1. Find the residue count for region 14-70, including only residues that are at pLDDT 85 or above, hydrophobic (A, V, I, L, M, F, W, C) and within 24 Å of PRO4 (Cβ to Cβ).
2. Tally the residues that are modelled with pLDDT under 90 and either among the β-branched types (Val, Ile, Thr) or surrounded by 10 or more Cβ atoms within 10 Å (Cβ to Cβ) (or both), restricting the search to region 1-13.
3. SER64 passes all but one of (1) surrounded by 12 or more Cβ atoms within 10 Å (Cβ to Cβ); (2) more than 15 Å from TRP9 (Cα to Cα); which number fails?
4. Under 7 Å between Cβ atoms, at least 6 apart or on separate chains: pull out the pairs that start in region 32-58 with a residue that is in contact (Cβ under 8 Å) with a residue 40 or more places away in the chain and end on any residue that is of a type in the set (Asp, Glu).
Amino acid sequence: MATPDYPLWEYRVGEFGGILRHEPGKAELETVLNAWGEEGWEVIGTVYSDNTSRLRIIAKRPLSHAARRKRSMPGLDGEMT
């Protein structure tokens with residue numbers, strides 16, 4: 001398969017806090033974001049909902065060849081879809 005002339009990305013959305021969950025502290029968020037950064041994720045946006053006290057963090061990283069293959073051929077890694 002030919003590689004396109006533009007970058008391909010994969011995205012991740014993390015949810016923190018909420019009515020039934022505690023609101024994360026600064027240290028907890030830093031720990032999560034540092035772990036994501038070590039995995040190559042870059043935060044590109046946040047959404048905070050006042051009525052639910054929920055924080056959503058959206059991140060992206062370049063789509064690797066292995067991730068592209070896994071998505072195009074589900075089940076190769078032994079998982080059932």
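1. Total satisfying the criteria: 5.
2. Looking only at region 1-13, we keep the residues that are modelled with pLDDT under 90, and these are 1-7.
With either among the β-branched types (Val, Ile, Thr) or surrounded by 10 or more Cβ atoms within 10 Å (Cβ to Cβ) (or both) added as a condition, the list becomes 3.
Of the residues in that region, 1 qualify.
3. Going through (1) surrounded by 12 or more Cβ atoms within 10 Å (Cβ to Cβ); (2) more than 15 Å from TRP9 (Cα to Cα) one by one, SER64 breaks only (2).
4. The qualifying pairs are ARG56/GLU15.
The values are calculated or read from the model by the stated rules, or taken from the named source; none is laboratory data. Please read these numbers as outputs of a predicted model, since none were measured by experiment. FYI the Cβ positions are ideal-geometry reconstructions off the backbone, even for glycines, and counts take in every protein chain you see.
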